Every structure is written in structure tokens, then in C-alpha cells.
1. Choose one of 15, 26, 57: the residue whose Cα lies farthest towards the positive end of the charge dipole of segment 1-155 (beta-carbon charges +1 Lys, Arg; -1 Asp, Glu; about the Cα centre).
2. Where the centroid of each part is defined by its Cα atoms, how far is segment 87-113 from segment 1-67 in Å?
3. Please compute the contact order of segment 1-91 in relative form: average sequence separation of alpha-carbon pairs under 8 Å and at least six residues apart, divided by the residue count, as a percent.
4. Cβ neighbours within 10 Å, averaged per peptide: list 153-160, 261-268 in order, most packed at the top.
5. Kindly write out, for segment 202-213 in residue order, the coupling ³J(HN,Hα) from the Karplus curve 6.51 cos²θ - 1.76 cosθ + 1.60 (θ = phi - 60°), rounded to whole Hz, with x marking Gly and Pro.
6. To the nearest 20 debye, what is the magnitude of the charge dipole of the chain about its Cα centre, counting +1 on the Cβ of each Lys and Arg and -1 on the Cβ of each Asp and Glu?
7. At q = 0.17, 0.20 Å⁻¹, what log₁₀ I(q)/I(0) does a Debye calculation on the Cα points of segment 115-190 give, no solvent, two decimals?
8. How large is the convex hull of the C-alpha atoms of segment 1-115 per residue, in Å³?
Amino acid sequence: MDKRKLGDSGINVAPFCFGGNVFGWTADEATSSALLDAFIGAGFDFIDTADSYSAWAPGHTGGESETILGNWLAARGGREKVVIATKVGMWKTQPGLKAANIIAACEGSLKRLRTDYIDLYQSHRDDPETAQEETLEAFSKLRAAGKVRAIGASNFEVPRLKAALDASRTRRLSHYATLQPLYNLVDRDFEKELQPLCVAEGIGVIPYFALASGFLTGKYRKEADLKGRARSASASRYLTPENFAVLDRLESVAKARGVAMVEVAFAWLRDRASVVAPIASATTVDQLKSLLHAATLNLTPAEVAALG
């Protein structure tokens, strides 16, 4: 399988990043381990998590996803065969991007992940109350100590991302090599300003909600379809006439190709400008198999045009 450059980090990854937000939430530890085994066994290597996952779930406090991933790593070995991305700044227990918090949060993530280093350490969201230089200096110290290989940003808007890149150049500090934005076939604001910036700066994009909280699978056509679903709150906003029109086009292309809708949606995103590896999660091995196939599915120019 061809690997892709993760920005200018020097790290190469397969074109599908497994979203670890489900670990310990909609996938228990045994299921998570089975999913990871299948993912790595198929030749993939990129896993995304965060210190805050899954603090939103009843009875959880955060750190569950990293802990499960760390237990799996300890049991299976082969740390050098996987690329681990995690995040700091959005967990209520350790919020924000001040230097002291980043340093402390990194130590916590390393302990939970049961590893000596993080491949990609990301600012989970912008912290306007903290100077960019302070944040970047902390990341630079972690990289100098060998605890972090590369850094990235998530949920940054153009002005702040530009300011961070400028601060890195001016102060000769570590720079964001990647961006993790909301981007998929129906969420396309990224294309307006962020995408041109990422292309110009050589930033590798790893979009989250690649399947629009499951909407692009085609299984949510009305409010009743969301009843009892873990992601009902995030998926309900997609139930609009405009998005249903996209879904119809997606279904048409998928049927003509003889593949699942999820595979076409994922393949479309994978080959957008600046995108390295879309992030998607699965809670069963069967769901994962469809995503694994999508990672190598190539759409024709006519199919891409038909999707709009």
C-alpha cells in the first residue's frame, strides 16, 4: 500500500486514520482490540485519539480511549509499526494550551498510551487566551526531549493558523505540520479558505467526521432513524433537503459502482487537495472492512463530478 506524507513531518502513513473516539465508548475494550488487530493486520498504521476521549460518555471522565489503546500496544508490541496521534487542550480536566498544561498533559498521555513518544501531538482546539509563542515553545521542548515527533492543529480557523505558522517562522519554533478540520461531502466550509492555506503551506490534512456522523452511510433518512443512536445529536443536523440531495447523488454513484455509499464518500474525501488520511471509526469488524476497502477505492473523474 502506498504511504502518504504527513505534511513535512517526515512521517508517512496509510491513507486511512482510525478514529479512536469509539474506544471505551461505543466499542468496549475487547471490541476495540479486535478492531485494532484487524486494522493493523490489513496493513494500515495511523490511529487518532485524544486525552478527552471519552469524557462525554456516562460514567466516564476522559482518558479511556488512550488507556485502551495503550493496553493494546502493550499486549501486542510493535510500537514502531503504528503512528499514534493524540490531542491536548479540550479536556476539562486539563484545558487550554498554556505551556504548563501541555507539558503535564503530554506526560499523562504518554503514561496512558504506555509509550515513550507520541508521533503527532495536536492542539485539540484554538486557545485565544494563550499566546501562540507560549504554546509552540512548549511543543518545541517536547520535540527536543524526544517525547513528540511532530505537532498539528485541530479546529483552527485561518487567521489563527496563519498566526501560528508565522510565529513558528519568526521564533524558529516547531510548526504545525497537520490540520484536523471538519470536512466531508456535506461539510465543505474547509474548502473556502483553509484548504488553499494548507495547500500553499504543505500542511497535511486529516479530516474528522469523514462520514458526517454516519449520515453519509445512508442509514439516516429521518429523525426516527436516529432513535437510540449514540451519535443522534450530531447526526440530526444533517437531515436537510440540501444534504438529502447529496445523499441521492452518492447513492447513485455507489449503486452504479456496486459498492457501499460509505466507500464512495470516503474515497471522494481521501483524494481531495491537501488531504492525507480521512479519520473514520467503526464499532464492528464488518464496518471496518468497508472502510478498509474504501481506502483503496479509486473514483473516476466522472464519478467525482457527479457527486458535486
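Any read-out appearing in this document is the output of simple, stated calculations on the displayed coordinates, not a laboratory observation. Just so we're clear, the structure is a prediction, and the values are computed from it rather than from any experiment. Here Cβ is always computed from backbone atoms with ideal geometry, including for glycine, and neighbour counts include all displayed protein chains.
1. Sorting the options by dipole projection puts first 15.
2. 18 Å
3. Value for segment 1-91: 28 percent.
4. The packing order, highest mean first, is 261-268, 153-160.
5. Running phi through 6.51 cos²θ - 1.76 cosθ + 1.60 with θ = phi - 60° gives x, 7, x, 9, 10, x, 9, 6, 4, 10, 6, 6 Hz.
6. 200 debye
7. Computed log10 I(q)/I(0) values: -0.64, -0.84.
8. Cα-based convex hull of segment 1-115, divided per residue, equals 105 Å³.
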